[in-house]
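What follows is a short report on a single structure.
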Amino acid sequence: MTTQRVNGDTKVWDVLQRHPGTYDIFRRFGCPDMRTGVFALSAHVMKVRWAARVHHIELARLLADLNHEIAQEEQQAADNRH
C-alpha cells in the first residue's frame, strides 16, 4: 500500500522543492511554470487543492499522479543506497 505523501493541503512550493520530479506532473495537467516569477510567489501560499481548482484539474487524479511520482523517486533513491 502506498502512503500518500502529498494531500490537498500541502503547499505547491513544498511539493516542488522536496520532489523536483513533480514539476512535470503539474505542467502535464496544465499548470504554469511555478518555479519563477509571479507563479512562484503564488506557489508559496497555494495549496495543491487550490491549484487543482484554479486549473480545473480533478484533485484525486492530481494527487494520485504526484504521489506516484514521489513513490518512484523514493524507491529509486532507496535502490541507489543499496
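In nm, give the distance between the simple-model label positions of D9 and H55, each being 7 Å from the Cα along the Cα-to-Cβ direction.
2.3 nm
Could you check which residue among L62, L41, L16 shows the biggest mean-square fluctuation in a GNM of the chain with a 10 Å Cα cutoff?
Comparing L62, L41, L16 in a Gaussian network model of the chain, the most mobile one is L41.
Going by amide H atoms built from the backbone, whose H comes under 5 Å of the H on M46, apart from near neighbours?
Excluding prolines and chain starts, which carry no amide H, the hits are V12, W13.
What relative contact order, as a whole-number percentage, does the range 12-81 give when Cα pairs under 8 Å and 6 or more residues apart are counted?
37 percent
Using Cα springs under 10 Å in a Gaussian network model of the chain, which residue among V54, V45, V12 shows the largest mean-square fluctuation?
V54
Given the -39500 (n - 2.57) contribution per DSSP H run of 4+ residues, what per-residue ellipticity at 222 nm results for the chain, rounded to the nearest 500 deg cm²/dmol?
So the calculated ellipticity at 222 nm is -19000 deg cm²/dmol.
Bear in mind these aren't lab numbers, they're just calculated from the coordinates by the rules spelled out. This structure is a prediction, so every number in the text was calculated from the model and none was measured. All Cβ positions, even for glycine, are placed from backbone atoms using ideal geometry, and neighbour counts span all protein chains on display.
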